[in-house]
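This report refers to the structure that appears directly beneath it.
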Amino acid sequence: MKKNQLHILFAFIFILQKFIFAQYSYETGEYNFEDKELNVFVTAENTNLKLTQIESSKFIKTSQPLETEIGVFVNPKKKFQEFLGIGGAITDASAEVFSKLSNTKQKEFLKAYFTEDGINYNIIRTSIHSSDFGLGSHTYIEEGDDKLKTFSIEKDKKKRIPLIKRSIDLIKENLVFYASPWSPPAFMKTNNNMLRGGKLLPKYYQSWANYFVKFIEAYEAEGIPVWGVTIQNEPMATQRWESCIYSAEEERDFLKKFLGPTFEKVGYGDKNIIVWDHNRDLISHRANTIFEDPEAMKYAWGIGFHWYETWTGGDPKYDNLKNIKESYPSINLLFTEGCQERFDSDHYNRWSNAERYGNSMINDFNSGTVGWTDWNILLNQNGGPNHVKNYCFAPIHANTQTNELIYTPSYFYIGHFSKFIRPKSKRISTSVSRSTIESTSFQNPDGKIVTVVMNKTNQNIDYKLIVGEYEARLSILPHSIQSLIY
(Lines give C-alpha, C1' and ligand atoms only; values in the text may rest on other atoms or scores of the structure.)
Protein backbone atom coordinates (compact mmCIF):
# COMPACT_ATOMS: atom_id res chain seq x y z
CA MET A 1 0.00 0.00 0.00
CA LYS A 2 1.34 3.43 -0.95
CA LYS A 3 2.30 5.96 1.72
CA ASN A 4 -0.41 8.47 0.83
CA GLN A 5 -3.00 5.68 0.88
CA LEU A 6 -1.86 4.74 4.41
CA HIS A 7 -2.27 8.34 5.51
CA ILE A 8 -5.81 8.36 4.15
CA LEU A 9 -6.57 5.03 5.87
CA PHE A 10 -5.25 6.23 9.25
CA ALA A 11 -7.17 9.49 8.94
CA PHE A 12 -10.34 7.55 8.18
CA ILE A 13 -9.79 5.26 11.20
CA PHE A 14 -9.17 8.29 13.44
CA ILE A 15 -12.39 10.00 12.30
CA LEU A 16 -14.32 6.73 12.70
CA GLN A 17 -13.02 6.30 16.26
CA LYS A 18 -14.05 9.83 17.15
CA PHE A 19 -17.52 9.22 15.68
CA ILE A 20 -17.93 5.93 17.56
CA PHE A 21 -16.78 7.54 20.81
CA ALA A 22 -19.11 10.48 20.33
CA GLN A 23 -22.00 8.17 19.51
CA TYR A 24 -21.19 6.02 22.54
CA SER A 25 -21.08 9.09 24.77
CA TYR A 26 -24.42 10.37 23.41
CA GLU A 27 -26.20 7.02 23.72
CA THR A 28 -24.87 6.26 27.20
CA GLY A 29 -25.64 9.70 28.52
CA GLU A 30 -22.03 10.87 28.93
CA TYR A 31 -21.74 14.57 28.10
CA ASN A 32 -18.65 16.72 27.90
CA PHE A 33 -19.55 20.37 27.34
CA GLU A 34 -16.25 21.91 28.45
CA ASP A 35 -15.33 24.78 26.10
CA LYS A 36 -18.29 23.88 23.89
CA GLU A 37 -20.16 26.77 22.35
CA LEU A 38 -23.72 27.69 23.31
CA ASN A 39 -25.71 29.73 20.78
CA VAL A 40 -28.30 32.18 22.08
CA PHE A 41 -31.36 33.49 20.22
CA VAL A 42 -33.51 36.17 21.85
CA THR A 43 -36.72 38.16 21.48
CA ALA A 44 -37.09 41.09 23.88
CA GLU A 45 -39.56 43.89 24.49
CA ASN A 46 -38.51 47.46 23.66
CA THR A 47 -35.64 46.22 21.47
CA ASN A 48 -35.10 45.20 17.85
CA LEU A 49 -34.31 41.65 18.96
CA LYS A 50 -36.74 39.20 17.34
CA LEU A 51 -35.48 35.63 17.17
CA THR A 52 -32.08 37.29 16.88
CA GLN A 53 -28.84 35.40 17.47
CA ILE A 54 -26.60 37.25 19.91
CA GLU A 55 -23.09 36.57 21.20
CA SER A 56 -22.53 32.93 22.01
CA SER A 57 -21.35 31.66 25.37
CA LYS A 58 -19.13 28.76 26.46
CA PHE A 59 -19.43 26.06 29.06
CA ILE A 60 -16.95 25.71 31.88
CA LYS A 61 -16.66 23.23 34.74
CA THR A 62 -19.31 24.02 37.31
CA SER A 63 -19.10 24.35 41.06
CA GLN A 64 -21.75 24.06 43.77
CA PRO A 65 -24.36 26.77 42.98
CA LEU A 66 -25.17 29.22 45.76
CA GLU A 67 -28.60 30.09 47.10
CA THR A 68 -28.01 33.67 45.97
CA GLU A 69 -27.60 32.53 42.35
CA ILE A 70 -30.37 31.72 39.91
CA GLY A 71 -29.98 28.44 38.11
CA VAL A 72 -31.54 26.49 35.25
CA PHE A 73 -30.71 22.83 35.80
CA VAL A 74 -30.80 20.44 32.83
CA ASN A 75 -30.29 16.68 33.07
CA PRO A 76 -30.14 15.09 29.59
CA LYS A 77 -30.08 11.59 31.13
CA LYS A 78 -33.72 11.96 32.17
CA LYS A 79 -35.90 11.84 29.06
CA PHE A 80 -39.67 12.09 28.79
CA GLN A 81 -42.25 12.45 25.98
CA GLU A 82 -41.42 12.52 22.28
CA PHE A 83 -42.14 15.83 20.57
CA LEU A 84 -44.80 15.76 17.84
CA GLY A 85 -44.51 19.36 16.67
CA ILE A 86 -46.03 22.85 16.68
CA GLY A 87 -48.44 24.55 14.31
CA GLY A 88 -51.72 26.39 13.87
CA ALA A 89 -55.15 26.24 12.29
CA ILE A 90 -56.01 26.97 8.68
CA THR A 91 -59.60 28.15 8.96
CA ASP A 92 -61.96 29.57 6.36
CA ALA A 93 -61.12 32.98 7.85
CA SER A 94 -57.38 32.45 7.35
CA ALA A 95 -57.94 31.28 3.79
CA GLU A 96 -60.21 34.24 3.03
CA VAL A 97 -57.62 36.75 4.25
CA PHE A 98 -54.79 34.92 2.48
CA SER A 99 -56.68 35.08 -0.82
CA LYS A 100 -56.73 38.89 -0.63
CA LEU A 101 -52.94 39.22 -0.37
CA SER A 102 -50.66 39.85 -3.33
CA ASN A 103 -48.66 36.89 -4.63
CA THR A 104 -45.49 38.33 -3.08
CA LYS A 105 -47.12 38.67 0.33
CA GLN A 106 -48.61 35.18 0.09
CA LYS A 107 -45.13 33.74 -0.48
CA GLU A 108 -43.74 35.78 2.42
CA PHE A 109 -46.51 34.52 4.69
CA LEU A 110 -46.02 30.85 3.80
CA LYS A 111 -42.26 31.15 4.24
CA ALA A 112 -42.75 32.80 7.64
CA TYR A 113 -44.69 29.83 9.01
CA PHE A 114 -43.70 26.70 7.11
CA THR A 115 -39.97 26.89 6.35
CA GLU A 116 -36.75 26.78 8.32
CA ASP A 117 -36.20 30.43 7.38
CA GLY A 118 -39.44 31.11 9.26
CA ILE A 119 -40.65 29.29 12.36
CA ASN A 120 -40.95 25.82 10.87
CA TYR A 121 -44.54 24.74 11.61
CA ASN A 122 -45.35 21.07 10.93
CA ILE A 123 -48.87 20.81 12.47
CA ILE A 124 -52.03 22.03 10.73
CA ARG A 125 -55.54 21.87 12.18
CA THR A 126 -58.72 22.62 10.25
CA SER A 127 -62.45 22.43 10.84
CA ILE A 128 -64.82 19.80 9.51
CA HIS A 129 -67.08 22.15 7.53
CA SER A 130 -67.58 25.55 9.23
CA SER A 131 -66.55 27.16 12.49
CA ASP A 132 -67.18 30.72 13.67
CA PHE A 133 -64.06 31.90 11.82
CA GLY A 134 -65.44 32.25 8.33
CA LEU A 135 -68.07 34.16 6.37
CA GLY A 136 -70.95 31.92 7.44
CA SER A 137 -72.12 28.44 8.41
CA HIS A 138 -72.04 25.54 5.97
CA THR A 139 -71.94 21.74 5.89
CA TYR A 140 -70.89 19.24 3.21
CA ILE A 141 -74.40 17.83 2.64
CA GLU A 142 -77.87 19.02 1.84
CA GLU A 143 -80.08 19.44 4.91
CA GLY A 144 -81.75 16.16 5.86
CA ASP A 145 -79.36 13.92 3.93
CA ASP A 146 -78.52 11.39 6.65
CA LYS A 147 -77.26 8.92 3.98
CA LEU A 148 -74.63 11.51 2.95
CA LYS A 149 -75.40 11.05 -0.75
CA THR A 150 -74.82 14.77 -1.43
CA PHE A 151 -71.50 14.96 0.47
CA SER A 152 -69.13 17.42 -1.21
CA ILE A 153 -66.18 19.57 -0.13
CA GLU A 154 -66.47 21.89 -3.15
CA LYS A 155 -66.71 24.95 -0.89
CA ASP A 156 -63.40 24.05 0.79
CA LYS A 157 -61.74 23.65 -2.61
CA LYS A 158 -62.17 27.32 -3.42
CA LYS A 159 -59.87 28.88 -0.82
CA ARG A 160 -59.19 26.65 2.20
CA ILE A 161 -57.75 23.58 0.44
CA PRO A 162 -55.45 25.60 -1.86
CA LEU A 163 -53.90 27.27 1.21
CA ILE A 164 -53.55 23.91 2.97
CA LYS A 165 -51.86 22.40 -0.10
CA ARG A 166 -49.40 25.27 -0.46
CA SER A 167 -48.58 24.98 3.24
CA ILE A 168 -47.99 21.22 3.30
CA ASP A 169 -45.85 21.49 0.15
CA LEU A 170 -43.36 23.45 2.29
CA ILE A 171 -43.37 21.02 5.24
CA LYS A 172 -40.49 18.71 4.42
CA GLU A 173 -41.33 15.94 6.88
CA ASN A 174 -43.37 15.01 9.95
CA LEU A 175 -46.59 16.64 8.72
CA VAL A 176 -49.45 16.36 11.22
CA PHE A 177 -52.80 17.38 9.70
CA TYR A 178 -55.93 16.93 11.79
CA ALA A 179 -59.52 18.16 11.77
CA SER A 180 -62.20 19.05 14.31
CA PRO A 181 -65.97 19.51 13.97
CA TRP A 182 -67.68 22.48 15.61
CA SER A 183 -71.20 21.15 15.03
CA PRO A 184 -73.02 18.41 13.13
CA PRO A 185 -75.59 19.57 10.54
CA ALA A 186 -78.63 21.21 12.12
CA PHE A 187 -81.07 18.37 11.42
CA MET A 188 -78.86 15.94 13.38
CA LYS A 189 -79.16 18.01 16.59
CA THR A 190 -81.65 18.42 19.40
CA ASN A 191 -81.98 22.18 18.79
CA ASN A 192 -82.14 21.87 14.98
CA ASN A 193 -79.45 24.56 14.76
CA MET A 194 -75.70 24.46 14.15
CA LEU A 195 -75.30 27.39 16.56
CA ARG A 196 -75.96 27.72 20.30
CA GLY A 197 -75.13 24.23 21.54
CA GLY A 198 -77.64 21.45 21.33
CA LYS A 199 -76.72 17.77 21.22
CA LEU A 200 -76.23 15.13 18.55
CA LEU A 201 -79.39 13.04 18.36
CA PRO A 202 -78.64 9.35 19.11
CA LYS A 203 -80.37 8.22 15.90
CA TYR A 204 -77.69 10.09 13.90
CA TYR A 205 -74.62 8.76 15.75
CA GLN A 206 -73.76 6.38 12.89
CA SER A 207 -74.44 8.97 10.19
CA TRP A 208 -72.16 11.41 11.99
CA ALA A 209 -69.41 8.77 12.31
CA ASN A 210 -69.76 8.13 8.56
CA TYR A 211 -69.44 11.89 7.99
CA PHE A 212 -65.93 11.79 9.52
CA VAL A 213 -65.04 8.99 7.10
CA LYS A 214 -66.37 10.97 4.14
CA PHE A 215 -64.29 13.98 5.21
CA ILE A 216 -61.10 11.92 5.38
CA GLU A 217 -61.79 10.27 2.02
CA ALA A 218 -62.47 13.61 0.35
CA TYR A 219 -59.41 15.39 1.75
CA GLU A 220 -57.08 12.50 1.01
CA ALA A 221 -58.43 12.42 -2.55
CA GLU A 222 -57.08 15.99 -2.72
CA GLY A 223 -53.63 14.76 -1.71
CA ILE A 224 -53.92 15.91 1.92
CA PRO A 225 -52.97 13.07 4.32
CA VAL A 226 -55.23 13.17 7.39
CA TRP A 227 -53.30 12.26 10.55
CA GLY A 228 -56.34 12.32 12.81
CA VAL A 229 -59.46 13.99 14.17
CA THR A 230 -60.87 15.32 17.40
CA ILE A 231 -64.39 14.21 18.26
CA GLN A 232 -65.81 17.65 19.07
CA ASN A 233 -64.44 21.14 19.52
CA GLU A 234 -65.26 22.38 23.05
CA PRO A 235 -67.96 19.81 23.90
CA MET A 236 -69.04 21.61 27.09
CA ALA A 237 -69.48 25.10 25.63
CA THR A 238 -72.83 26.42 24.41
CA GLN A 239 -71.62 29.16 22.08
CA ARG A 240 -73.46 31.64 19.89
CA TRP A 241 -71.51 30.08 17.02
CA GLU A 242 -71.25 26.46 15.82
CA SER A 243 -71.20 24.24 18.89
CA CYS A 244 -72.43 20.89 20.19
CA ILE A 245 -72.57 19.46 23.71
CA TYR A 246 -71.37 16.00 24.75
CA SER A 247 -71.31 14.79 28.33
CA ALA A 248 -68.28 12.66 29.19
CA GLU A 249 -70.43 9.53 28.93
CA GLU A 250 -71.87 10.58 25.57
CA GLU A 251 -68.44 11.24 24.09
CA ARG A 252 -67.17 7.92 25.49
CA ASP A 253 -70.05 5.99 23.96
CA PHE A 254 -69.82 7.75 20.58
CA LEU A 255 -66.11 6.86 20.48
CA LYS A 256 -66.38 3.21 21.49
CA LYS A 257 -69.64 2.28 19.75
CA PHE A 258 -69.54 4.38 16.59
CA LEU A 259 -66.48 6.42 15.60
CA GLY A 260 -63.77 3.95 16.65
CA PRO A 261 -65.44 0.84 15.18
CA THR A 262 -66.37 2.74 12.00
CA PHE A 263 -62.77 3.82 11.44
CA GLU A 264 -61.62 0.23 11.97
CA LYS A 265 -64.25 -1.15 9.60
CA VAL A 266 -63.24 1.11 6.69
CA GLY A 267 -59.49 0.68 7.21
CA TYR A 268 -58.87 3.91 9.11
CA GLY A 269 -57.65 2.26 12.29
CA ASP A 270 -54.39 4.18 11.85
CA LYS A 271 -56.14 7.55 12.10
CA ASN A 272 -55.59 9.15 15.49
CA ILE A 273 -58.66 10.07 17.54
CA ILE A 274 -58.43 12.82 20.17
CA VAL A 275 -61.05 13.31 22.88
CA TRP A 276 -62.14 16.39 24.87
CA ASP A 277 -60.58 19.24 22.83
CA HIS A 278 -61.59 21.75 25.51
CA ASN A 279 -60.08 23.54 28.53
CA ARG A 280 -57.77 22.21 31.23
CA ASP A 281 -60.20 22.82 34.11
CA LEU A 282 -62.58 19.88 33.51
CA ILE A 283 -60.10 17.71 31.60
CA SER A 284 -59.56 15.18 34.42
CA HIS A 285 -63.24 14.26 34.61
CA ARG A 286 -63.33 13.63 30.86
CA ALA A 287 -60.14 11.57 31.01
CA ASN A 288 -61.34 9.46 33.93
CA THR A 289 -64.69 8.75 32.28
CA ILE A 290 -63.29 7.74 28.90
CA PHE A 291 -59.96 6.12 29.77
CA GLU A 292 -61.31 3.94 32.56
CA ASP A 293 -63.37 2.21 29.88
CA PRO A 294 -61.00 -0.22 28.07
CA GLU A 295 -63.24 -0.40 24.99
CA ALA A 296 -63.23 3.38 24.61
CA MET A 297 -59.59 3.85 25.52
CA LYS A 298 -58.34 1.47 22.83
CA TYR A 299 -59.56 3.91 20.17
CA ALA A 300 -58.12 7.07 21.74
CA TRP A 301 -54.67 8.31 20.74
CA GLY A 302 -54.85 11.14 23.23
CA ILE A 303 -56.69 14.02 24.84
CA GLY A 304 -56.69 17.58 23.50
CA PHE A 305 -57.02 20.80 25.44
CA HIS A 306 -57.37 24.60 25.12
CA TRP A 307 -56.36 27.43 27.45
CA TYR A 308 -59.55 29.51 27.68
CA GLU A 309 -60.12 28.77 31.37
CA THR A 310 -57.63 31.62 31.83
CA TRP A 311 -59.43 34.26 29.74
CA THR A 312 -60.81 35.96 32.87
CA GLY A 313 -57.58 35.49 34.82
CA GLY A 314 -58.19 31.94 36.03
CA ASP A 315 -55.60 29.36 37.02
CA PRO A 316 -54.27 27.48 33.94
CA LYS A 317 -54.46 24.15 35.83
CA TYR A 318 -51.22 22.64 34.54
CA ASP A 319 -51.39 20.11 37.38
CA ASN A 320 -54.44 18.56 35.74
CA LEU A 321 -52.27 17.67 32.75
CA LYS A 322 -49.63 16.11 34.98
CA ASN A 323 -52.33 14.11 36.75
CA ILE A 324 -53.58 12.67 33.46
CA LYS A 325 -50.06 11.78 32.33
CA GLU A 326 -49.39 10.04 35.66
CA SER A 327 -52.76 8.25 35.61
CA TYR A 328 -52.71 7.20 31.94
CA PRO A 329 -49.07 7.13 30.75
CA SER A 330 -49.94 5.73 27.30
CA ILE A 331 -52.29 8.63 26.51
CA ASN A 332 -50.87 11.61 24.63
CA LEU A 333 -51.55 15.22 25.60
CA LEU A 334 -52.01 17.68 22.72
CA PHE A 335 -52.69 21.41 22.93
CA THR A 336 -55.33 21.82 20.22
CA GLU A 337 -56.26 25.52 20.41
CA GLY A 338 -55.41 28.84 21.99
CA CYS A 339 -55.51 32.49 21.00
CA GLN A 340 -55.67 35.89 22.64
CA GLU A 341 -59.34 36.83 22.87
CA ARG A 342 -61.06 40.21 22.41
CA PHE A 343 -59.24 41.72 19.47
CA ASP A 344 -58.10 45.34 19.72
CA SER A 345 -56.19 46.78 16.76
CA ASP A 346 -54.39 49.23 19.04
CA HIS A 347 -52.62 46.33 20.75
CA TYR A 348 -51.00 44.19 18.06
CA ASN A 349 -47.75 44.52 20.01
CA ARG A 350 -49.12 43.84 23.49
CA TRP A 351 -46.24 41.91 25.04
CA SER A 352 -48.38 40.10 27.61
CA ASN A 353 -50.08 38.26 24.72
CA ALA A 354 -46.73 36.74 23.77
CA GLU A 355 -45.87 35.93 27.37
CA ARG A 356 -49.14 34.04 27.68
CA TYR A 357 -47.93 31.85 24.82
CA GLY A 358 -44.51 31.37 26.38
CA ASN A 359 -45.92 30.49 29.79
CA SER A 360 -48.40 28.02 28.34
CA MET A 361 -45.93 26.31 26.02
CA ILE A 362 -43.26 25.89 28.69
CA ASN A 363 -45.67 24.55 31.29
CA ASP A 364 -47.69 22.41 28.88
CA PHE A 365 -44.53 20.71 27.64
CA ASN A 366 -43.21 20.27 31.17
CA SER A 367 -46.55 18.61 32.02
CA GLY A 368 -46.11 15.98 29.31
CA THR A 369 -47.68 17.60 26.23
CA VAL A 370 -46.34 16.25 22.92
CA GLY A 371 -47.49 19.00 20.55
CA TRP A 372 -48.95 22.50 20.48
CA THR A 373 -51.49 23.97 18.02
CA ASP A 374 -52.25 27.68 17.85
CA TRP A 375 -55.65 28.84 16.55
CA ASN A 376 -55.96 30.93 13.32
CA ILE A 377 -52.63 31.30 11.53
CA LEU A 378 -53.86 34.50 9.87
CA LEU A 379 -56.63 37.06 10.49
CA ASN A 380 -57.37 40.47 9.01
CA GLN A 381 -56.91 43.94 10.52
CA ASN A 382 -60.22 43.52 12.38
CA GLY A 383 -59.43 40.14 13.96
CA GLY A 384 -61.68 38.27 11.53
CA PRO A 385 -63.59 37.51 9.43
CA ASN A 386 -65.92 35.88 11.95
CA HIS A 387 -69.59 35.45 11.12
CA VAL A 388 -70.70 36.05 14.74
CA LYS A 389 -68.18 38.84 15.43
CA ASN A 390 -66.03 36.78 17.82
CA TYR A 391 -62.90 38.70 16.82
CA CYS A 392 -59.52 37.54 18.16
CA PHE A 393 -55.77 37.95 17.76
CA ALA A 394 -53.53 35.79 15.58
CA PRO A 395 -49.69 35.62 15.51
CA ILE A 396 -49.82 37.26 12.07
CA HIS A 397 -52.48 39.70 10.88
CA ALA A 398 -52.91 41.09 7.40
CA ASN A 399 -54.21 44.53 6.59
CA THR A 400 -56.10 43.65 3.43
CA GLN A 401 -56.49 47.33 2.54
CA THR A 402 -52.73 48.00 2.48
CA ASN A 403 -51.43 44.48 1.64
CA GLU A 404 -49.36 44.56 4.85
CA LEU A 405 -48.43 41.62 7.08
CA ILE A 406 -48.31 42.43 10.80
CA TYR A 407 -46.06 40.13 12.86
CA THR A 408 -47.06 40.22 16.52
CA PRO A 409 -44.74 39.36 19.43
CA SER A 410 -46.66 36.07 19.82
CA TYR A 411 -45.31 34.92 16.44
CA PHE A 412 -41.73 35.29 17.64
CA TYR A 413 -42.40 33.68 21.04
CA ILE A 414 -43.92 30.61 19.35
CA GLY A 415 -40.89 30.55 17.06
CA HIS A 416 -38.53 30.14 20.00
CA PHE A 417 -39.95 26.63 20.28
CA SER A 418 -41.05 25.66 16.76
CA LYS A 419 -37.97 26.92 14.94
CA PHE A 420 -35.44 24.98 17.00
CA ILE A 421 -37.15 21.92 18.52
CA ARG A 422 -37.43 19.15 15.95
CA PRO A 423 -40.18 16.50 15.73
CA LYS A 424 -39.14 13.22 17.41
CA SER A 425 -36.95 15.06 19.91
CA LYS A 426 -37.31 14.12 23.56
CA ARG A 427 -38.10 16.46 26.42
CA ILE A 428 -35.39 16.29 29.07
CA SER A 429 -35.38 17.15 32.75
CA THR A 430 -35.27 20.91 33.38
CA SER A 431 -35.94 22.91 36.53
CA VAL A 432 -35.29 26.43 37.81
CA SER A 433 -34.26 27.68 41.23
CA ARG A 434 -36.44 30.82 41.13
CA SER A 435 -39.94 31.47 39.80
CA THR A 436 -38.73 34.67 38.15
CA ILE A 437 -37.74 32.59 35.11
CA GLU A 438 -39.39 29.63 33.38
CA SER A 439 -37.72 26.96 31.28
CA THR A 440 -38.10 23.72 29.33
CA SER A 441 -35.63 21.64 27.28
CA PHE A 442 -35.68 19.13 24.43
CA GLN A 443 -32.93 17.04 22.87
CA ASN A 444 -33.18 16.88 19.11
CA PRO A 445 -32.57 13.65 17.15
CA ASP A 446 -29.09 14.92 16.21
CA GLY A 447 -28.17 15.19 19.91
CA LYS A 448 -28.31 18.98 20.17
CA ILE A 449 -30.20 20.36 23.16
CA VAL A 450 -32.62 23.28 23.00
CA THR A 451 -33.37 25.04 26.28
CA VAL A 452 -36.00 27.79 26.24
CA VAL A 453 -35.83 30.37 29.04
CA MET A 454 -38.40 33.13 29.63
CA ASN A 455 -38.26 36.20 31.86
CA LYS A 456 -41.61 37.96 32.53
CA THR A 457 -40.18 40.41 35.07
CA ASN A 458 -39.11 44.04 34.66
CA GLN A 459 -35.53 43.18 35.66
CA ASN A 460 -32.49 41.89 33.82
CA ILE A 461 -31.66 38.49 35.35
CA ASP A 462 -28.25 36.83 35.53
CA TYR A 463 -28.41 33.05 35.73
CA LYS A 464 -26.40 29.88 35.30
CA LEU A 465 -27.35 27.13 32.88
CA ILE A 466 -26.03 23.99 34.61
CA VAL A 467 -25.86 20.76 32.61
CA GLY A 468 -24.27 17.93 34.56
CA GLU A 469 -20.76 19.00 35.48
CA TYR A 470 -20.77 22.07 33.27
CA GLU A 471 -22.23 25.55 33.41
CA ALA A 472 -22.68 28.57 31.18
CA ARG A 473 -23.16 32.03 32.68
CA LEU A 474 -25.92 33.95 30.97
CA SER A 475 -28.17 36.97 31.29
CA ILE A 476 -31.75 37.45 30.13
CA LEU A 477 -33.34 40.83 29.40
CA PRO A 478 -36.61 42.01 30.99
CA HIS A 479 -39.73 40.66 29.27
CA SER A 480 -37.81 38.42 26.92
CA ILE A 481 -37.42 34.82 25.81
CA GLN A 482 -34.29 32.93 24.80
CA SER A 483 -33.55 29.73 22.91
CA LEU A 484 -30.23 28.19 23.91
CA ILE A 485 -28.76 25.70 21.43
CA TYR A 486 -25.86 23.46 22.52
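A few points about this structure:
- Test result for Ile485, touching a residue at least 24 places away in the same chain (Cβ under 8 Å), β-branched (Val, Ile, Thr) and either surrounded by 21 or more Cβ atoms within 10 Å (Cβ to Cβ) or on the phi > 0 side of the Ramachandran plot (or both): no
- Scanning segment 169-211 for residues that are β-branched (Val, Ile, Thr) and either out of contact with any Phe, Trp or Tyr (no Cβ under 7 Å at 6 or more places or on another chain) or at pLDDT below 95 (or both) yields one hit, Thr190.
- Filter pass, Ile273 being under 23 Å from the mean Cα position of the chain (by Cα), farther than 19 Å from Trp208 by Cβ and buried (at least 18 other Cβ atoms within 10 Å of the Cβ): no
To keep it simple, each residue is scored yes or no on (1) under 25 Å from Ala44 (Cβ atoms); (2) part of a helix (DSSP H, G or I); (3) not assigned by TED's automatic domain parsing to the domain that holds Gln443.
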site	(1), (2), (3)
Cys339	yes, no, yes
Arg342	no, no, yes
Asp346	yes, yes, yes
Asp364	yes, yes, yes
Asp374	yes, no, yes
Gly384	no, no, yes
Lys389	no, no, yes
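- Strands (runs of 3 or more DSSP E) contained in segment 1-88 and holding at least 1 residues modelled with pLDDT of 95 or more, charged (D, E, K, R) and closer than 30 Å to Ser167 by Cβ: 71-82
- Residues (within 14 Å of Phe33 (Cβ to Cβ) and buried (at least 17 other Cβ atoms within 10 Å of the Cβ)) located in segment 443-482: Gln443, Ile449, Thr451, Lys464, Leu465, Ile466, Val467, Gly468, Tyr470, Glu471, Ala472, Leu474
- Against the list (1) assigned to a strand (DSSP E or B); (2) free of Cβ contacts under 8 Å to residues at least 24 places away in the same chain; (3) of a type in the set (Ser, Thr, Tyr), the condition Thr402 fails is (1).
- When segment 284-320 is filtered for residues that are surrounded by fewer than 17 Cβ atoms within 10 Å (Cβ to Cβ) and of a type in the set (S, T, N, Q), the ones remaining, listed by number, are Asn288, Thr312.
- Lone unmet requirement of (1) more than 22 Å from Met454 (Cα to Cα); (2) part of a loop (DSSP other than H, G, I, E, B) for Asn323: (2)
- Residue count for segment 114-137, restricted to those that are surrounded by 24 or more Cβ atoms within 10 Å (Cβ to Cβ), without any contact (Cβ under 8 Å) to a residue 60 or more places away in the chain and among the hydroxyl-bearing types (Ser, Thr, Tyr): 1
- Flag if Ser330 is part of a helix (DSSP H, G or I) and of a type in the set (S, T, N, Q): no
- Residue in segment 164-185 that is farther than 20 Å from Ala394 by Cβ and of a type in the set (Lys, Arg) present: yes
- Segment 178-199, subset of a type in the set (D, E, K, R) and assigned to a loop (DSSP other than H, G, I, E, B), residue surrounded by the most Cβ atoms within 10 Å (Cβ to Cβ): Lys199
- Of the numbered criteria (1) within 20 Å of Asp132 (Cα to Cα); (2) touching a helix residue (DSSP H, G or I) at 6+ places or on another chain (Cβ under 7 Å), the one Ala394 fails is (2).
- Residue within segment 138-154 that is touching a residue at least 24 places away in the same chain (Cβ under 8 Å), over 24 Å from Asn210 (Cβ atoms), part of a loop (DSSP other than H, G, I, E, B) and not hydrophobic (A, V, I, L, M, F, W, C) present: no
- In the set (1) more than 23 Å from Lys77 (Cα to Cα); (2) modelled with pLDDT under 95, the condition left unmet by Phe412 is number (2).
- From the options Lys61, Lys77, Lys111, residue that is surrounded by fewer than 15 Cβ atoms within 10 Å (Cβ to Cβ), among the basic types (Lys, Arg) and in the same structural domain as Asn386 (by TED's automatic domain parsing): Lys111
- Residue check, Ser431 free of Cβ contacts under 8 Å to residues at least 40 places away in the same chain, surrounded by fewer than 24 Cβ atoms within 10 Å (Cβ to Cβ) and assigned to a strand (DSSP E or B): no
- Single condition Ala209 does not satisfy, out of (1) assigned to a loop (DSSP other than H, G, I, E, B); (2) in contact with a helix residue (DSSP H, G or I) (Cβ under 7 Å, 6 or more places away or on another chain): (1)
- Complete set of residues in segment 323-354 that are more than 22 Å from Pro235 (Cα to Cα) and not hydroxyl-bearing (Ser, Thr, Tyr): Glu326, Pro329, Phe343, Asp344, Asp346, His347, Asn349, Arg350, Trp351, Asn353, Ala354
- Qualifying residues in segment 348-360 (those that are out of contact with any strand residue (DSSP E or B) (no Cβ under 8 Å at 6 or more places or on another chain) and outside any helix (DSSP H, G or I)) - the one nearest to Ser284 (Cα to Cα): Arg350
- Counting the residues of segment 89-116 that are charged (D, E, K, R), in a helix (DSSP H, G or I) and under 22 Å from Pro409 (Cβ atoms) gives 3.
The values are calculated or read from the model by the stated rules, or taken from the named source; none is laboratory data. In this text the structure is predicted, and so the values were computed from the model without any measurement. Cβ sites come from the backbone with ideal geometry, for glycine too, and all protein chains shown count toward neighbours.
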